[in-house]
């Protein structure tokens, strides 16, 4: 069956070679490693433990056999259509930076990844996202031809949030490999909001972001995924944290035929901490799969994770949360919680915490629950005259708010609130 | 206002109410007393419309409407209010937002427009004072982290805000110290009018020192076994439920 298994991988490689070719900014050795990994492992199907509920091979075979489409640039009306007051509005169309419309912060470097300083690429690129661990990372390292480079220099505290507006606009069927690198140096602070708007065309987007946080750096990273139901995405975020740094990640998913998030945070040095939050509202046939991994490598680090899902229609939500506490990582505090509400008999929730603890002086806890809307609370609201529908919505809002409240940026929080409200209806 | 005729109800096949008859008119206060397990809370739950209970026999009319045909929300909109024995904590829903929604839903049912923000806030202020409820509590999540006394006062606060025709107070005195009991009772008394009515469900006579009933009914094994004036409660306080139990049990052996 080996040849069968690779048919899809070979086909995809061939198609990608036609539309993008190999990644120009990636060292040849890395591309070599990536291609070798792909050749040995192929695009994962549901027999692969990590992709059990997310058969990417089948999806690519069925939906992305031939990439007969093309990307269509949009540059008009970007500011009218997508704009957040009081922020740095950055426009990324089909993974490419729109330099004309974007408002660049004076105290940060923001460029196309191919124009990033060679020493930064040398230092950070593929240093955290290993092409030998995951097929989509390998695919990205081999074929990415676009993406962003962002650097906040040591000591800079950015005054306003950087809002990255992602617009995907294609004709027919297209496949993007986008590679981003965010470097937040020592003592720097930044808030980044990435919004993915409903895409045109049928797109597969393999988006990978490596993030380095220097000593005492603080990064608040919010991602809003609302790319619509002809969008298929594997979104990998790989974070490497230095000592005393703080990384906050909140992801909000409102649409997508397939949304697979691979979020990995390595707490590489002492006293670093990360907070990972997720709110997922799944509808119709959507398959939304969140895989997180927090790797506690050194002592005295802290991680905190809260993912909440609301599943309606016949969607499938998956949460797989891994926590590794390495032998060295004494005095670790690691918490994880995943809560889900099923609103339909046909929806599915898969929740799996995976803790591997090799140190002996740690505090770790995890909890997961999946159920219906609290009947007691529902009755209480109804007994006060509130109709069933409205009462349910009030309770779902309350459920979601625990996550929405974690957003540091007020405008982002309001936008997410609005999308949530809209998606519930 | 409320007419309960031969009401039978069960939960999971277990019979709890075995033929309740009760008439409540506007302006009246009725007390329903009874030992644990006599069906007091079941009666309030059935009247409020909790789905866990099955009504197997009987009729309930409320202001001429068939109460049992109405959804819980429509019963509330028609003017029925249940003060819960165990008020539910709802994290993330603010008390104020909850009350505004409830009030507007009731108004919409009556064909009235939403209440003006200014009027709503004035109403909140006025009714909070009635139950001496801290303004901070109104902005917190519904009942979350409230003490037992605060939860019960919050129930009466909601009752004051929604201004029902018929209020059923289910063991509102349970878990209250004497000061909280006084505050709750004072609130209830101030809300009493000629055109509304109250049913006080309680195990102890204590609350009835503050809220003086016109009628007292004793519930035992799912039936009202004795009715009388307020002196019946005092009798019960003196003799306990044993006499009633003995009498009723013997009569049915």
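None of the figures in this text is laboratory data; all of them are computed from the coordinates on show. Keep in mind that this is a model prediction, so the values were computed, not measured. Neighbour counts run over all protein chains shown; Cβ positions are idealised from the backbone, glycine included.
Across all C-alpha atoms in the stretch A:144-216, the radius of gyration and Dmax reach 14.7, 45 Å. For the segment A:388-399, counting C-beta atoms of other chains within 10 Å of every residue's C-beta and taking the mean gives 4.
Using every pair of separate Cα atoms, the Kirkwood estimate puts the hydrodynamic radius of the stretch A:295-340 at 12.3 angstrom.
Applying the Kirkwood pairwise sum to the alpha-carbon positions of the stretch A:315-392 produces a hydrodynamic radius of 15.2 angstrom.
Based on DSSP H segments of at least four residues, each scored -39500 (n - 2.57), the protein assembly as shown has a per-residue ellipticity at 222 nm of -9000 deg cm²/dmol.
For the stretch A:68-158, the C-alpha radius of gyration sits at 1.27 times the compact-globule guess of 2.2 N^0.38 Å, with N the residue count.
Look at where the Cα atoms of the stretch A:392-425 and of the stretch A:234-256 average out, and the two centres are 19 Å apart.
Calculation over all alpha carbon pairs of the stretch A:199-249 in 10 angstrom steps from 0 returns a P(r) of 22, 40, 24, 13, 1 percent. If R0 is 45 Å, the Cβ-Cβ spacing of residue B:12 and residue A:360 corresponds to a FRET efficiency of close to 0.40. DSSP beta bridges confined to chain B are antiparallel in about 55 percent of cases.
Normalising the average separation of contacting C-alpha pairs (under 8 angstrom, six or more residues apart) by the number of residues puts the relative contact order of chain A at 10 percent.
Expressed as a whole percent, the proportion of Cα-Cα pairs in the stretch A:123-278 lying more than 18 Å apart is 57%. Per residue, the convex hull spanned by the Cα atoms of chain B amounts to 125 cubic angstrom. Computed over Cα pairs, the Kirkwood radius of the stretch A:348-425 leads via Stokes-Einstein (0.890 mPa s, 25 °C) to a diffusion coefficient of 156 µm² per second. Using only the alpha-carbon atoms of the stretch B:46-191 as identical scatterers, what base-10 log of I(q)/I(0) does the Debye formula give at q = 0.14, 0.16 Å⁻¹? Per q value, in the given order, log10 I(q)/I(0) is -0.70, -0.91.
Neighbour counts of other Cβ atoms within 10 Å put A:301, A:315 in the fewest-to-most order A:315, A:301. Applying 0.36 nm per residue to the separation of residue B:247 and residue B:97 and subtracting their alpha-carbon distance, the gain on full extension is 49.0 nm. With a 10 Å cut-off around each Cβ of B:86-92, the average count of Cβ atoms from other chains is 6.
Relative intensity of the stretch B:85-166 on a log10 scale, I(q)/I(0) at q = 0.11, 0.25 Å⁻¹, equals -0.27, -1.33, per a Debye sum over C-alpha point scatterers of equal strength in the absence of solvent.
Using C-alpha pairs below 8 Å separated by at least 6 residues, the relative contact order for the stretch A:232-331 is 28 percent. Note on B:76-85: average number of Cβ atoms from other chains within 10 Å of each residue's Cβ is 3. With bins 10 Å wide beginning at 0, the percent of Cα pairs of the stretch A:330-375 falling in each bin runs 22, 38, 23, 15, 2. Normalising the average separation of contacting C-alpha pairs (under 8 angstrom, six or more residues apart) by the number of residues puts the relative contact order of the stretch B:108-225 at 23 percent. For chain A, modelled as a GNM whose springs connect Cα atoms under 10 angstrom apart, the maximal fluctuation among A:248, A:410, A:349 occurs at A:410. Normalising the Debye intensity of the stretch B:1-106 to I(0), with uniform scatterers on Cα atoms only, and taking log10 at q = 0.23 Å⁻¹ returns -1.39. For the stretch A:98-205, the Cα-based Rg and Dmax, in that order, read 15.1, 45 Å.
Note on the stretch B:50-122 and the stretch A:1-59: Cα centroid distance 58 Å, given to the nearest whole angstrom. For the protein assembly as shown, the orientation-averaged shadow of the C-alpha convex hull comes to 36.1 nm² (one quarter of the hull surface).
Report note on the peptides A:103-109, A:129-135: ranked by the mean count of other C-beta atoms within 10 Å, highest first, their order is A:129-135, A:103-109. The ratio of the alpha-carbon radius of gyration of the stretch A:209-333 to the globular-protein estimate 2.2 N^0.38 Å is 1.10. As an exercise, use a Förster radius of 45 Å and the Cβ-Cβ distance of residue B:134 and residue B:109 to find the FRET efficiency, rounded to the nearest 0.05. Computed FRET efficiency for residue B:134 and residue B:109: 0.90. Between the stretch A:348-365 and the stretch B:135-149, what is the separation of their alpha carbon centroids in Å? Between the Cα centres of the stretch A:348-365 and the stretch B:135-149 lies a distance of 34 Å.
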